[in-house]
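Worksheet for the structure shown next.
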Amino acid sequence: MATAGGGLGALGAGEAVAAARALSLPAEAYGNDPNIEMIWAMKAYQHAEVYFNLISSVDPKFLKLTKVEDQIYAEFRKSFGDLKIDVLDPEELKSEPAKAKWRPFCMQFDGIVEDFNYGTLLRLDCTKGYTEENTIFVTRIQFFAVEIARNREGYNNDVYNHAMEIKSSAAETGVSA
């Protein structure tokens, strides 16, 4: 995923500092400022890009996303034991009944997981990358819950294995991946 022509990578040092300062102010200070919404979207995209690069280069079963990963996973599977996580149904995350079930799960991590309710991008189909049609906007704790489960249960192995096949094939042909 390249950020050519835009994204946080296009910001200069001064602009990045200004963006960071702006993001530290309370939301009430802005109303519906489209510039702030764009900065948040770029931050969410950058997070998604870093995460996808991680699961493409490190065997997901060895990834540790947070210090309280065991607690998140246990509570997630206790609350959402039947949730199909390989290909998520947006209704299971965004419908009113789903929100009623997710809200108590998420709130238990207030004060435990930093920025637990920040907006984050989540892939719907774990075998695919972050594209407009394969991405949904969720809270950070929902992202952690689903991705920790995907890593532990082997669903993110396809991304890692595919990246390793490309790397191996490139090495065999002498082309850099």
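The values are calculated or read from the model by the stated rules, or taken from the named source; none is laboratory data. What you see is a predicted model, and the numbers here were worked out from it, not measured in a lab. When we count neighbours, we look across all protein chains shown, and the Cβ atoms used for this are built from the backbone with ideal geometry, even at glycine. Side chains included, ligands, DNA and RNA excluded: accessible areas come from the protein's heavy atoms. Shrake-Rupley method; radii C 1.70, N 1.55, O 1.52, S 1.80 Å.
Here are some notes:
- Per-residue SASA entry for TRP40, accessible area with 1.4 Å probe, Å² rounded to 10: 80 Å²
- Trypsin sites (Lys or Arg not before Pro) lying in DSSP loop within region 48-104, provided at most 15 other Cβ fall within 10 Å: LYS64, LYS67, LYS84
- Ignoring lysines fewer than eight residues from LYS94 along the same chain, the ones with Cα atoms less than 17 angstrom from its Cα are LYS84.
- Checking the cross-link pairs LYS67/LYS101; LYS43/LYS167; LYS43/LYS128 against a 26 Å limit on the alpha carbon distance flags LYS43/LYS167 as lying beyond it.
- Largest to smallest in accessible area, the residues MET38, MET164 fall in the order MET38, MET164 (1.4 Å probe, all protein chains included).
- Accessible area, probe 1.4 Å, largest first, for residues GLU96, GLU172: GLU172, GLU96
- Sparsely packed GluC sites (Glu not before Pro) within region 87-165, loop by DSSP, other Cβ within 10 Å at most 12: GLU114
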